[in-house]
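Worksheet: the structure to be examined is printed underneath.
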Amino acid sequence: MKTRLLLGLLLMLALNGFAQDKPAILKVLETQRQAWNRGDLEGYMQGYWKSDSLLFVGKSGPKYGWQTTLDNYKSGYPDKAAMGQLVFKILKVQLLDKTNAFVLGGWQLQRDRDAPGGYFTLLLRKINGEWKVVADHSS
């Protein structure tokens, strides 16, 4: 009986830990969206793992590195007008284990002349207690 009670308590604690992770992941994405909409690419990049191993896959194929990703964003979105207003539609947040999560979503930019959009998949990892995007595949 004591064993069952202890196992039940441990399971509830584990599930509660996971329950706190999903809102934390969504907060990372919302903080990124807000930074983007201010025209703050460096702020947007704070949601990414600051590592040469960060993987970003876009239309030109896989690229590695935080700085490379920032430089590509600066090249593709040179000013606030090019950046527009970013909207996310989060379709799925799946916790894979206590330190890894998968996110599927859609993105759209609202700009004066157009409204491009697409989809993204993200792999996030809890690093030093903070969720960071370690791989981003955006189309």
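The values are calculated or read from the model by the stated rules, or taken from the named source; none is laboratory data. What you see is a predicted model; the values in this text were computed from it and never measured. For neighbour counting, all protein chains shown are included, and Cβ atoms are generated from backbone atoms with ideal geometry for every residue, glycine included. Remember, those area values only see protein heavy atoms, side chains included, never the ligands or the DNA or RNA. Shrake-Rupley method; radii C 1.70, N 1.55, O 1.52, S 1.80 Å.
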Write down, largest first, the equivalent ellipsoid semi-axes of the chain in whole Å, where each equals the square root of 5 times an eigenvalue of the alpha-carbon gyration tensor.
33, 16, 12
Within straight-line cross-link reach of Lys59, lysines at Cα separation under 19 Å, skipping those fewer than 8 residues along the same chain:
Lys74
For region 75-109, state which trypsin sites (Lys or Arg not before Pro) are in a DSSP loop and have at most 11 other beta carbons lying within 10 Å of their beta carbon.
Lys98
Regression test value, accessible area per residue of the chain, probe 1.4 Å, units Å², expected 63
The chain: calculated mean residue ellipticity at 222 nm from DSSP helix runs of at least 4, using -39500 (n - 2.57)
-12500 deg cm²/dmol
Out of all DSSP beta bridges with both ends in the chain, state the antiparallel percent to the nearest 5.
90
Report, in degrees rounded to the nearest 10, the 0 to 90 angle that the Cα long axis of helix 2-37 makes with the longest principal axis of the chain.
10
